[in-house]
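Just so it is clear, none of the values below were taken in a lab; they were calculated from the coordinates. Quick caveat: nothing in here was measured; it's all calculated off a predicted structure. A quick note on method: Cβ atoms are made from the backbone with ideal geometry, for glycine too, and the neighbour counts reach across all protein chains shown.
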Amino acid sequence: MDIISSEKAVESLEGIRQRTTQIVHSLSHFLAILHQTEQLAPWPTIHKNFNILLSQIHSLSNTLAIHFQSLRTTNIFPSEEFPVREQEPLLTTLLRTRPLPVVEEWETTTLEEYENDPSLKSKNQKQPLPQDTLWEEARDLLMQEREQNNWTGYVTRQEELQGEIINQKELEKERAFEEQSAQQTLTKILGFMKSGRG
């Protein structure tokens, strides 16, 4: 229940944000029309833009009235009781979008040290790095496993080479019968769970 109300509050806040953005754009456009030339713009243009602005403000006030209760109960941070003056460092830390300069400097120096570390570089660029060697070994192992198995049929490559399975159609019939018997077993189990009888 609480999740639904918080989703409604977020939706109403988004709607209000969009309407205020529209009002800001309309105001800036209206001011640009008023200040574009030395003489005043034609009366119909001013009237049209003023009506647009009024309708957007009316729409915003209606939206605020509709979502008044959900917005009133929504908790925002920092709230009105938050001691802004006393907790200013905490507030600036919470509202910060970039890392602190000290942290940013620490990250760049660590990255530079990592890039300049001679143990990670190969000698004379002839030997591969340890992680490159690991990836090469993993790729080789994958290719070996890929060659050993048949990934498209019902039999393995080894069975195929040894000729253990001769007829593909018989194998398909066996698999279909196994699946059907598994389905029947599952149906019996579900029937027992539902009715309590075997």
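All other residues with a Cβ under 14 Å from the Cβ of A138 taken together, and with Lys, Arg as +1 and Asp, Glu as -1, what is their net charge?
Working: positive: R139, R146; negative: D132, E136, E137, D140, E145.
Residues close to A138 contribute a combined charge of -3.
Summing Lys and Arg as +1 and Asp and Glu as -1 over all other residues whose Cβ lies under 14 Å from the Cβ of E178 gives a net charge of -2.
The 3J(HN,Hα) values that the Karplus relation (6.51, -1.76, 1.60; θ = phi - 60°) gives for the range 130-136 are, in residue order, x, 5, 5, 4, 4, 5, 5 Hz. Gly and Pro appear as x. Give me the Debye-computed log₁₀ of I(q)/I(0) at q = 0.14, 0.28 Å⁻¹ for the range 2-73, equal point scatterers on Cα only, no solvent, two decimals. The Debye formula, applied to the Cα set alone, gives -0.54, -1.18.
By the count of other C-beta atoms within 10 Å, a proxy for reagent exposure, L190, L71 are ordered fewest to most as L190, L71. When restricted to Cα atoms, the range 18-119 yields an Rg and a Dmax of 24.5, 76 Å, respectively.
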